[in-house]
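Worksheet: one structure, shown below.
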Amino acid sequence: MKVGVVTFPGSLDDVDARRAVRIGGHEAVALWHGDHDLRGVDAVVLPGGFSYGDYLRCGAISRFAPVMTEVVAAAGRGMPVLGICNGFQILCESHLLPGALVRNDHQRFVCRDQRLRIENVATPWTASYADGQEVTVVLKNGEGGFVADVDTLDRLEGEGRVVARYLDQNPNGSLRDIAGITNERGNVVGLMPHPEHAVEALTGAGTDGLGFFTSLAAAAFAS
């Protein structure tokens, strides 16, 4: 599959995401925030970083980037879209996902290996995992606390749209320990931790994050 990785001004993890896409067995396509087309890709990754310097709010300016017009339209047609960290914030600002990401409750940037439980394996980004599988990936954020109103939280829980949940210790005050969610259709996933930093045994937290990238092939084969 051809997987586009968008670079915004201030993106930090776009190169890492493209590498993870390649290790996952796909062709990585570099997309620019000013692009007006998606160059024929089959899926899109919005990487971590500080897009547009995180001015106003994290992701608030990125939602107006030309490429996001195309991403929103493609997501509406069912294209798989993964937003990692800042990418998750952009998905919420673009209304592709509900809720918002706010300043960590302890008011400090956190960077560590984080244990998660995968709670939804029906998305094209999680199909390689077992239901309830526990994984360890890298977490690094200053505004990673997921918040939403009670009705939205209950709906996410009731519809099985919580993709991943923090284990052991909540690192940022996310409500109900939520680390990642999906949209109603299941093709759009936002995740605060960084699976692209856990795809090689030699470096990082191991290879537990690789499933987010191999899952695309598993989901395509299943369909």
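Results, tabulated for the structure shown:
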| quantity | calculated |
| --- | --- |
| In Hz, Karplus ³J(HN,Hα) per residue of the range 110-127 (6.51, -1.76, 1.60; θ = phi - 60°; x = Gly, Pro) | 10, 9, 6, 6, 10, 7, 9, 10, 7, 10, 9, 10, 9, 9, x, 9, 10, 5 |
| Segment Thr152-Arg77, extension gain: residue separation times 0.36 nm, minus the distance between their alpha carbons | 24.7 nm |
| Length-normalised contact order for the chain - Cα pairs under 8 Å, 6+ apart - percent | 21 |
| Integer Hz, Karplus 6.51/-1.76/1.60 couplings in order for the range 41-55, x for Gly and Pro | 6, 9, 7, 9, 10, 9, x, x, x, 9, 4, 6, x, 6, 5 |
| Mean ellipticity per residue at 222 nm, deg cm²/dmol - from DSSP H runs of n ≥ 4 across the chain, formula -39500 (n - 2.57) | -6500 deg cm²/dmol |
| Kyte-Doolittle mean at least 0.0, axial Cα span of 27 Å or more - DSSP H helices of the chain | none |
| Interchain or long-range residues, amide H under 5 Å from Val29's placed H | Val3, Gly4, Val5 |
| Protein accessible area in the range 95-176, 1.4 Å probe - carbon and sulfur % | 47 |
| Listed values (1) 8, 33, 34, 18, 6, 1; (2) 9, 39, 40, 12, 0; (3) 7, 34, 39, 18, 2, 0, entry calculated as P(r) over Cα pairs in 10 Å bins from 0, in percent | (2) |
| Surface accessible to a 1.4 Å probe, per residue, for the residues of the chain, Å² | 41 |
| Chymotrypsin sites (Phe, Trp or Tyr not before Pro) within the range 109-173, DSSP loop, no more than 14 other Cβ atoms inside 10 Å | Phe109 |
| Choice from Pro193, Pro98, Pro124 showing the highest fluctuation, given a GNM over the chain with Cα pairs closer than 10 Å | Pro98 |
| Built amide H within the under 5 Å cut-off of Ala179, gap 5+ | Ala164, Arg165, Tyr166 |
| Cα gyration tensor category, rounded, prolate or oblate, for the range 45-140 with a/c compared to 1.5 | oblate |
| 5 angstrom amide H check on His194, placed H, neighbours 5+ away | Val138, Leu139, Lys140 |
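The values are calculated or read from the model by the stated rules, or taken from the named source; none is laboratory data. Computed from a predicted model, the values in this text were never measured in an experiment. Note that each Cβ is placed from the backbone with ideal geometry, even for glycine, and that neighbours are counted across all protein chains shown. Ligands, DNA and RNA are stripped out before the accessible areas are found, and what is left, the full protein with its side chains, is counted by its heavy atoms. Shrake-Rupley method; radii C 1.70, N 1.55, O 1.52, S 1.80 Å.
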